[in-house]
Amino acid sequence: MTSTLLSIERDDLLQLERSMTREWLLTDGLGGYASSTVLLCPARRYHGLLVAPYAGTVKRHVFLARFEEWFQGGGKSVALSMGRYGGTYGPLGHQGVERFELAPLPRWTYRFGRATLERELLLVRGERTVLVRYRVTGQQHPVEMRLRPLLPYRPADALTFENFDLDKRVERLTNGILAQPYAALPAVAITLGSPRGSGPALAPHFEVDPLWYKGIEYPIELARGYEGHEDNFTPGEFHVALESGVDVVVAATLGEPVADPAALWEREHARAVRAAEHVGTDVRSRLAYTADDFLYRTETGRLAVDAGWPWFGEWGRDSCIALPGLFVSRGRAEECVEALAGIAEYLKDGLVPNVFGRARADSDYGSADASLWFARAVRMAELASKDKGAVARRFLPALREIAEHYARGTGLGLAADASGLLRSGSPQLNSTWMDARTSQGPVTPRDGCAVEINALWCFLLAYLEDLETRVGAAARAKELRGRRERAYAAFVDRFWLSREGYLADVWKDGVQDKSIRPNMVIAAALEWSPLTSGMRVDVANCARAELLTPCGLRTLDPRAKAYVGRYGGGCEERDRAYHQGTVWPWLTGFFVEAWLRAHGGSAGQRQFLRELLDGFGEHLERQGLLHVSEVMDGDPPHRPGGTIAQAWNSGELLRAYDLIERYPS
């Protein structure tokens with residue numbers, strides 16, 4: 001296998017409109033990241049080389065956006081970097097670009113006459129440090145690199161402008177500078193170095209020249225209906241001579257200044273190459289490789305999942321859906337157990353947080369189903385674990401707590417009604433995953449009894465019945481059996497549409513919402529389900545006929561009056577489409593599971609499903625490189641939208657591959 005995972009050549013890179021929407025991503029394992037376009041020209045406020053939360057917060061800040069880079073020699077000066085201002089680009093760094101690669105790290109090759117210059121970058125795993133390596137070969141004259149660090153120093157979801165509160169001063173270090181534009185935020189140390197013994201000692205010079213780059217434009221922000229202009233501060237400019245074939249490595253860190261950037265580069269680059277040496281070109285291999293991008297350790301050392309890059313954080317529902325695929329499907333069940341144990345610590349009145357804070361006190365408990373997804377993830381971790389009994393015993397108290405609180409009533413309007421099924425939400429509260437709102441209120445009202453919440457509730461009752469039986473709690477098991485049987489019967493009575501052959505989406509006050517939505521597929525996919533085998537077949541067939549696309553399931557039948565086929569425009573316009581036809585790739589995993597349970601695992605069925613999953617290959621090079629975007633348009637050609645990388649998409653596609661491989665013939 002080659003360590004080059006992706007390559008984009010000059011002709012494709014010079015298609016600027018397309019290149020400005022193709023984005024790479026690196027993560028540091030601590031909740032921070034680096035990301036930009038393949039031209040290293042920022043198109044979002046979220047783009048930057050050092051974007052991280054700092055001590056005492058989970059909120060990410062953009063500390064270093066990029067370097068303004070100039071390559072100077074033989075009386076000429078040419079740019080490597082580029083920005084966008086008022087609809088035009090400047091400087092024109094793309095003019096010399098020859099190639100962009102993930103090899104496996106982001107690497108750019110430029111050619112200026114006979115000289116070839118490389119730029120490559122990485123994030124140090126487990127540190128708040130970015131390294132950028134430069135190397136020139138083939139030059140005829142002495143050459144110098146000029147680098148200006150652009151320091152936004154603001155929250156990743158905000159913008160900044162020239163102001164008088166900023167401290168322009170820098171502290172000089174032996175091989176760089178220390179800057180702290182605002183006293184409330186940590187300082188950044190920028191140091192330069194070359195490998196020892198590679199020639200004369202590197203002697204970078206920093207010229208103090210504080211100024212603001214004004215009117216930087218982010219076209220993706222503008223297209224999404226947000227403000228898309230800001231100013232960036234730069235404290236001055238580095239001047240460093242480049243020797244032929246000798247690396248110059250720049251380190252920017254929120255920690256202690258990096259004394260030897262070149263040595264750190266050698267260590268971390270070798271680690272990155274080893275991690276990628278067996279990665280193939282197939283979808284499964286690529287997704288398995290990039291799955292670690294979503295995993296990180298919190299300040300307390302807890303193993304967590306970032307729901308989606310670049311703007312999500314740790315979300316309970318997303319994490320619990322993603323965990324089995326991110327861990328179990330990659331043979332790491334014990335880490336799945338560890339992550340679930342960390343989530344269990346946040347349980348409050350039976351609820352798992354929708355959005356995690358640093359502790360329960362500052363977490364948001366706005367999801368009616370996160371706890372139910374938690375139970376499903378526990379079951380999958382148990383099935384894959386070496387010590388199934390230990391896993392079951394470890395999480396049984398948490399599962400009991402969830403079931404007890406849900407049954408008697410907890411937040412979000414959650415409670416079991418007389419039938420034994422769950423109701424949740426209110427006319428003004430969407431507590432299911434279809435939770436988009438506009439100024440007019442919920443876009444997809446689903447208060448009452450939602451089909452997937454009750455399918456998951458039935459699953460939890462069946463799982464608890466099984467667990468109590470295994471631990472010898474016969475009385476508990478008998479009581480749960482009665483509750484499960486009542487819930488199963490009520491589920492079929494309320495949701496099954498015998499004439500139409502599929503499940504209603506919501507039941508409320510005796511009225512069925514007969515919209516064809518993918519939530520019914522979850523009921524048909526679960527290990528324990530109220531559905532008969534024939535019902536599973538009908539639901540799977542309906543989903544294939546009405547909802548399936550090459551990149552996931554639509555959230556609404558295209559024939560419905562409320563269907564919106566394009567996800568785009570401003571915030572309200574996008575929210576009106578979010579769950580009204582927009583495609584969500586994570587649902588593919590449940591379609592695959594439902595199809596296998598309905599139709600079996602014959603060679604023909606496996607081939608059909610495998611071809612569906614392999615079809616994501618083109619998408620992995622379309623927006624977020626080697627990742628699957630959050631959503632796609634419901635209408636062809638299914639343009640990507642939302643985040644550039646979404647944890648539950650990767651997790652569910654990996655789980656689907658595993659299901660196809662392991663499902664009995």
- Task: Answer with one residue from F591, Y134, G83: the one whose Cα lies farthest towards the positive end of the charge dipole of the chain, charges on Cβ with Lys, Arg +1 and Asp, Glu -1.
- Result: F591
- Given unit charges at Cβ for Lys, Arg (+) and Asp, Glu (-), the dipole magnitude of the chain about its Cα centre in debye, nearest 20, is 1040 debye
- Which GluC sites (Glu not before Pro) does segment 607-665 hold that lie in a coil by DSSP with at most 12 other beta carbons within 10 Å? E618
- Task: Just give me a number: lysine pairs in the chain, eight or more positions apart or cross-chain, with C-alpha atoms less than 24 Å apart.
- Result: 5
- Query: Counting only heavy atoms of protein chains, what accessible area per residue, in Å², does the chain have with a probe of 1.4 Å?
  - Reply: 37 Å²
- Kirkwood Rh and Cα Rg combined as Rg over Rh, evaluated for segment 279-417: 0.98
- Message: I'd like to know which of A270, Y218, V258 lies farthest towards the positive end of the charge dipole of segment 159-280, counting +1 on Cβ of Lys and Arg and -1 on Cβ of Asp and Glu.
- Response: A270
- Measuring from its Cα centre, segment 526-645 shows a charge dipole (+1 at each Lys and Arg Cβ, -1 at each Asp and Glu Cβ) which, in debye to the nearest 20, is 220 debye
- Rounded to a whole number, what % of the accessible area of the chain do carbon and sulfur atoms account for, probe 1.4 Å? 49 percent
- Query: For S439 and R408, FRET efficiency with R0 = 35 Å and r from the beta-carbon atoms, rounded to 0.05?
  - Reply: 0.50
- Enumerate by residue number the GluC sites (Glu not before Pro) in segment 103-175 meeting two conditions: DSSP loop (anything except H, G, I, E, B), and at most 15 other Cβ atoms within 10 Å of the site's Cβ. E162
- Item | Size of electric dipole in segment 413-523: Cβ of Lys, Arg +1 and of Asp, Glu -1, about Cα centre, debye, nearest 20 | 100 debye
- Item | C449 - accessible surface, heavy atoms, 1.4 Å probe, Å² rounded to 10 | 0 Å²
- Message: Tell me which of L620, A656, P636 sits at the most positive position along the dipole axis of segment 598-665, charges placed on C-beta atoms (Lys, Arg +1; Asp, Glu -1).
- Response: A656
- Message: Given an 8 Å cut-off on Cα distances and at least 6 residues of separation, report the relative contact order of segment 511-630 as a percent.
- Response: 27 percent
- Given a cut-off of 22 Å, what percent of all Cα-Cα pairs of segment 156-291 lie beyond it? 58 percent
- Using the beta-carbon distance between A474 and Q607 and R0 = 56 Å, what value does 1/(1 + (r/R0)^6) give for FRET efficiency, to the nearest 0.05? 0.75
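The values are calculated or read from the model by the stated rules, or taken from the named source; none is laboratory data. Please read these numbers as outputs of a predicted model, since none were measured by experiment. Cβ sites come from the backbone with ideal geometry, for glycine too, and all protein chains shown count toward neighbours. In case anyone asks, the SASA skips ligands and DNA or RNA and just uses the protein heavy atoms, side chains included. Shrake-Rupley method; radii C 1.70, N 1.55, O 1.52, S 1.80 Å.
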